[in-house]
1. According to a simple spin-label model (label point 7 Å from Cα along Cα-to-Cβ), what is the distance in nm between residue 168 and residue 22?
2. Test of understanding: ordering 295, 303 by Cβ neighbours within 10 Å, fewest first, what list do you get?
3. Magnitude of the Cβ-charge dipole of the chain, K/R +1 and D/E -1, about the Cα centre, nearest 20 debye?
4. Within the stretch 238-336, report the trypsin sites (Lys or Arg not before Pro) that DSSP leaves as loop and that have at most 15 other Cβ atoms within 10 Å.
5. Label residue 272 and residue 139 with points 7 Å out from Cα along Cα→Cβ: what is the distance between them in nm?
6. So what's the projected area for the stretch 3-115, the Cα convex hull averaged over all directions, in nm²?
7. At a Förster distance of 41 Å, what's the computed FRET efficiency of residue 184 paired with residue 60, Cβ-Cβ distance as r, to 0.05?
8. Using only the alpha-carbon atoms of the stretch 99-183 as identical scatterers, what base-10 log of I(q)/I(0) does the Debye formula give at q = 0.11, 0.17, 0.18 Å⁻¹?
Amino acid sequence: MHVVVFSAKPYDRQFLDGANAAGGAKHRLTYLEARLSAETAILAQGADAVCAFVNDPCDVAALETFSRLGIRILALRSAGFNNVDLVAARRLGITVARVPAYSPESVAEHTVAMMLALNRRIHRAYNRVRDGNFALDGLLGFDMRGRSVGIIGTGRIGLAVARIMQGFGCKVLAHDPFPAEEGMAMGLEYLDVDDLLARSHIVTLHCPLTPATRHLIDDAAVARMRHGTMLINTSRGAIVDTRAAISGLKSGAIGLLGLDVYEEEADLFFEDLSGQVLQDDIFARLLTFPNVLVTAHQAFFTTEALTAIAETTIGNITAFAETGRALHEVSTEKLA
Ligand code: NAI
C-alpha cells in the first residue's frame, strides 16, 4: 500500500521504515511534516492509507476528503483516538486502526518520573546548582512511602503505575467504572471518584478522554482534594480544566502539578517554538508556577514504545491490505 504519514518527525521515519523493512517492505511510505487537518488532507492524494498522530484532527471534512481520494484505512500511531470523528469514519466506510498497547511502562515510568521530580523539586535543583546556588530552602519534599496515590483509570497504564507505586510502599487507591480484576488482586482499593480525591496525596489520571471524562478535574473536583495534593496528568489534556487547575494552584489546593498533556496542546507540542512569542496566555500562566512541571507529550517517547508503535502500525496496514481488516480496529459498532 502507499501510505501517507502525517505529522512525521525524523524518529517516525526511522522506526516506521525499520518496521516496514522488517515486514518485507510491503508498503511505500511517504512522510509529510504537515499536521493532518481539513486543509492538508488533500496531500494524501494517490495514497491508499493514511497514518496520523495524536494531535491530527481527523474531523468530518478531513475524512470526507479521504473518502473522495479512495482512502480506506486511517492507521493511528497512538492508543487514544479522541481526535477522530468515528461517526463520520463509519459513515464513510473508513476503517480506523490504532495501537492499543505499545508500552504501558513508557507512560507509567514517565508519570512516576514527574511525581519524583515534583516532590523533590529536581526541576528547580537542576537550575539552582548550575547557577552556583547550593541552598536547600524551597526544595523540601516528602517520603513517598506510606502516602496514598489515587489512580483514575486502571487500564494498562494505570495498573503499571499501581505496580510501581506499590513498590514504593504507597497505598494505592483507584477509581474505574470497570475495576480491573488484576487491580483487585493486587489489593487496590476501588472508590468513587469523590472519595479518591478526598483521600489521595497524589492523584494521577489514566482514563481516556471521553464526554464523561472531559474536565473530570474541574473546580468542584479540586475543591474535594486534600489541601496540597499533587496532580499528574499524562493521559489527555482536556481531562483537566486548566483554569480550575490554575485556581487550585493559587489557593494551594493543588500543591504540585505535573502535566505531559494540555487541553490546547495541538498548537504547541511537538514543535520548536522557542523563537516565537507564546500566544496562549493560560499556558503561559501555568509556566510561571514554581510547583508546575510540564513536558510536551513525551510520556510515550522510549525506544521500546516507538518500536512497538511502528510494528503495530505497519501490522495494521498489512493486515488490512491482505484481509480487509486491521489487527486493531477502533470499534464503531455502538455508534449511530
Ligand atoms: P486502557 O484502555 O488500557 O485503560 C483505560 C482505563 O480507563 C480503562 O480501565 C477504563 O475502564 C477506564 N475509564 C474509562 N472511563 C473512565 C472514567 N470515567 N473514570 C475512570 N476510569 C475510566 O488505556 P491505557 O493504555 O491505560 O491508556 C490510558 C490513556 O493514556 C489513553 O486513553 C491515552 O489518552 C493516554 N496515553 C497517553 C500517552 C502519553 O504519551 N502521554 C501515551 C499513551 C496513552
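Laboratory data are not the source of any read-out in this text; all were calculated from the coordinates shown. Being a predicted model, the structure only gives us computed values, none of them experimental. Ideal geometry is used to build each Cβ from the backbone, glycine not excepted, and the neighbour counts take in all protein chains shown.
1. Result: 3.2 nm between the two label points.
2. Starting with the residue having the fewest Cβ neighbours, the order is 303, 295.
3. Using only the charged Cβ atoms, the result is roughly 460 debye.
4. 325, 334
5. Using points 7 Å along Cα→Cβ, the separation is 3.1 nm.
6. 7.6
7. Calculated value: 0.50.
8. Reported log10 I(q)/I(0), two decimals: -0.39, -0.76, -0.81.
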